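The values are calculated or read from the model by the stated rules, or taken from the named source; none is laboratory data. Since we're looking at a predicted model, the values are computed, not measured. All Cβ positions, even for glycine, are placed from backbone atoms using ideal geometry, and neighbour counts span all protein chains on display. In case anyone asks, the SASA skips ligands and DNA or RNA and just uses the protein heavy atoms, side chains included. Shrake-Rupley method; radii C 1.70, N 1.55, O 1.52, S 1.80 Å.
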Amino acid sequence: MKHILKLALAGLALVCSNMASAAMYQVDVDTRALEGQGGFVALGLNGLSDSPLVRALVSQFRGSSFGLVDNSNTFNVLGQLSSTLKLDNLQPNQFTQGVIFGKKLQFNVEFAESNSVIGSGTSFAFSLLDKNYGSLLSADPSGVAVMAEFTPGSATSFNSLLRADGKAVATITPVPEPETYALIGLGLLGLAMQRRKRSSYISKI
């Protein structure tokens with residue numbers, strides 16, 4: 001019994017250390033006001049040469065029809081938006097793809113970052129653009145809808161930019177990762193074992 005509890009506590013410590021450097025979010029953007037309109041979505045994860053390592057995994061992109069990838073504005077990125085897209089800040093990068101707007105656009109993005117407290121910051125940006133690469137929905141002239149900022153030694157800042165009317169372009173929701181559920185499970189296991197031990201002790205009195 002004690003051996004199982006030690007394993008549970010060891011697993012708990014491992015989970016906590018993993019959670020400190022990774023986070024997943026769901027991003028929702030309502031594009032119904034753009035029903036049937038064609039344009040582009042663009043993503044990038046970029047820092048300076050002394051920025052600590054940051055990686056981003058974009059998956060489960062849904063809510064729009066895909067057009068062609070704009071190869072002239074896509075570089076140093078692995079994968080596809082229709083499946084999984086992988087980015088890191090080791091070199092300048094961008095991914096740009098044509099889409100047809102008109103639904104609730106959603107995707108998940110998981111960030112993994114270094115725990116370094118020195119160096120320059122890194123930014124992740126997701127933009128909505130029209131056919132002429134002008135801004136859509138966002139008041140930002142570059143069309144940025146959401147932006148995550150990674151500053152060494154500080155908590156990640158992931159926010160939606162605003163529309164011209166002052167409302168947020170997107171909704172950003174943290175997504176519990178499997179490690180979080182494992183943490184809860186280990187906690188429940190520990191409580192159950194403690195209760196069983198206490199019940200056994202009382203029955204012997």
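Annotations
- Given (1) open to solvent by 40 Å² or more (accessible area, probe 1.4 Å); (2) more than 23 Å from Ser51 (Cα to Cα), index of the condition Gln97 fails: (1)
- Checking each residue in region 58-89 for being part of a strand (DSSP E or B) and open to solvent by 60 Å² or more (accessible area, probe 1.4 Å) picks out Gln60, Arg62, Ser65, Phe66, Leu68, Phe75, Leu78, Lys86.
- Number of positions in region 138-177 that are acidic (Asp, Glu), touching a strand residue (DSSP E or B) at 6+ places or on another chain (Cβ under 8 Å) and open to solvent by 60 Å² or more (accessible area, probe 1.4 Å): 1
- One residue stands out among those in region 108-124 that are surrounded by fewer than 22 Cβ atoms within 10 Å (Cβ to Cβ) and among the hydrophobic types (A, V, I, L, M, F, W, C): the one that is nearest to Arg163 (Cα to Cα), which is Phe111.
- Residues of region 1-48 that turn out to be open to solvent by less than 60 Å² (accessible area, probe 1.4 Å), hydrophobic (A, V, I, L, M, F, W, C) and modelled with pLDDT of 95 or more, as a count: 10
- Any hit, region 125-135, residues being crowded, with 17+ Cβ neighbours inside 10 Å, under 24 Å from Arg62 (Cβ atoms), at pLDDT 95 or above and more than 22 Å from the chain's Cα centre (by Cα): yes
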